[in-house]
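*Asks:* Questions regarding the structure given below will be posed in turn.
The values are calculated or read from the model by the stated rules, or taken from the named source; none is laboratory data. What you are looking at is a predicted structure, and each value in this text was computed from that prediction instead of being measured. Methodologically, a virtual Cβ is constructed for each residue, glycine included, from the backbone with ideal geometry; neighbour enumeration extends over all protein chains shown.
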Amino acid sequence: MPPGPEIPDWVDARDLDPAVRTALRGLDPRNVERVASHLVAAGTLVEDDPAAALAHARAARDRASRVAAVREAVGVAAYHAEDYAEAARELRAYRRMSGDESYRAVLADCERALSRPEVALRLVAEALADSPDPEETAELRIVESGARLDLGEDAAARLVLEAALGDRPDPASLQPGDTGRLRIAAAYADLLEMQGDGEMAMEWLVAIAGADTDDVTGAVDRLGIEFTDLEDELVEEQLDGAQPLDGDADEDEQAEPPVAPEVVTPLPEDEHGLGRSFDEDVEAEVAELLGETGDEDTREH
């Protein structure tokens, strides 16, 4: 069998999900660690490097093709790597082997990607007939709307999403934690933008970003919003404005002693309220002592 890609140093086979490891018990013990390591690598890389994840998943399949979880790993990695034919093939194999129906929306989307929108619509209708949970229902409605677009049925595509959002879709009605509805709203915003209603699309994106605290829809990233910790900002502002403690000031910036304000002593006033100099005041006091006051002053007044 092909050796497969080299297993990265950071991979630890013990990180594999216990249920999957249990499923590997039927393998040759010498093979278990190798398969487990490839599966851990595939699961870790699937978001950031789907091509590498697919290579690891294929290597695991080469060694354990009869294990349902291995076929699932290949299907998921292939879907992320946009190899939709392999994704559909492997996920169907996984469904037959495990009985798990959880990938119906993904399988329908693969049919869309393979230019078979009618098949996608049939798969969606079959899945909806089983009354799936709200999250799977949301994914199925998104695929259904996309398939209608593929067929050129733009009005029908819009009606599918509006019906899923309520009779009168309102951005203000979005609530945090309702992942399925948020994803439908994101698809609706994309559709509005595609149909030329950019203002309404932006209104929906802003509402989605406000409710989607984990950014599962990517709305926050699309709007270029950056969240900051207000508490950290407040602390930083307080630190910036704080006075240095004793001994913290730079030696070149020693504080100068305060300058005492200049005290201006008002000039004494004469009986008429006019200011006199110090010498004039002394002369007046001497004249008063000698009894030489004011004939002249009296005459002058």
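*Asks:* Name the helices (runs of 4 or more DSSP H) wholly inside segment 12-91 in which the number of residues that are touching a residue at least 40 places away in the same chain (Cβ under 8 Å) and crowded, with 18+ Cβ neighbours inside 10 Å is 1 or more.
*Replies:* Result: 18-23, 50-63, 68-80.
*Asks:* Follow-up. Can you work out which of the residues in segment 118-133 that are in contact with a Ser or Thr (Cβ under 9 Å, 6 or more places away or on another chain) and assigned to a helix (DSSP H, G or I) is farthest from LEU91 (Cα to Cα)?
*Replies:* LEU128
*Asks:* Moving on to the next point. From the set of residues in segment 140-163 that are in contact with a helix residue (DSSP H, G or I) (Cβ under 6 Å, 6 or more places away or on another chain) and surrounded by fewer than 15 Cβ atoms within 10 Å (Cβ to Cβ), which is nearest to PRO117 (Cα to Cα)?
*Replies:* LEU151
*Asks:* Give me a count of the residues in segment 138-175 that are touching a residue at least 12 places away in the same chain (Cβ under 8 Å), assigned to a helix (DSSP H, G or I), of a type in the set (A, V, I, L, M, F, W, C) and farther than 23 Å from LEU107 by Cβ.
*Replies:* Of the residues in segment 138-175, 2 are touching a residue at least 12 places away in the same chain (Cβ under 8 Å), assigned to a helix (DSSP H, G or I), of a type in the set (A, V, I, L, M, F, W, C) and farther than 23 Å from LEU107 by Cβ.
*Asks:* Testing SER115 on (1) modelled with pLDDT of 95 or more; (2) assigned to a helix (DSSP H, G or I); (3) not basic (Lys, Arg), one condition comes back false. Which one is that?
*Replies:* Condition (2) is where SER115 drops out.
*Asks:* Scan segment 185-202 for residues that are among the acidic types (Asp, Glu) and buried (at least 16 other Cβ atoms within 10 Å of the Cβ) and report the count. Explain how you work it out, then say what you get.
*Replies:* Start the filter on segment 185-202 by keeping residues that are among the acidic types (Asp, Glu), which leaves 190, 193, 197, 199.
So of that shortlist, the ones also buried (at least 16 other Cβ atoms within 10 Å of the Cβ) come out as 190, 193.
Number of matching residues: 2.
The rows are residues; the columns are (1) hydroxyl-bearing (Ser, Thr, Tyr); (2) farther than 28 Å from THR137 by Cα; (3) assigned to a helix (DSSP H, G or I); (4) modelled with pLDDT of 95 or more.
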{"site": "GLY177", "(1), (2), (3), (4)": "no, no, no, no"}
{"site": "LEU191", "(1), (2), (3), (4)": "no, no, yes, yes"}
{"site": "GLY196", "(1), (2), (3), (4)": "no, no, no, no"}
{"site": "VAL206", "(1), (2), (3), (4)": "no, no, yes, no"}
{"site": "ASP214", "(1), (2), (3), (4)": "no, no, no, no"}
{"site": "ARG222", "(1), (2), (3), (4)": "no, no, yes, no"}
{"site": "ILE225", "(1), (2), (3), (4)": "no, yes, no, no"}
{"site": "VAL235", "(1), (2), (3), (4)": "no, yes, yes, no"}
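*Asks:* Would you pick out the residues in segment 203-222 that are closer than 14 Å to ASP190 by Cβ and among the hydroxyl-bearing types (Ser, Thr, Tyr)?
*Replies:* THR217
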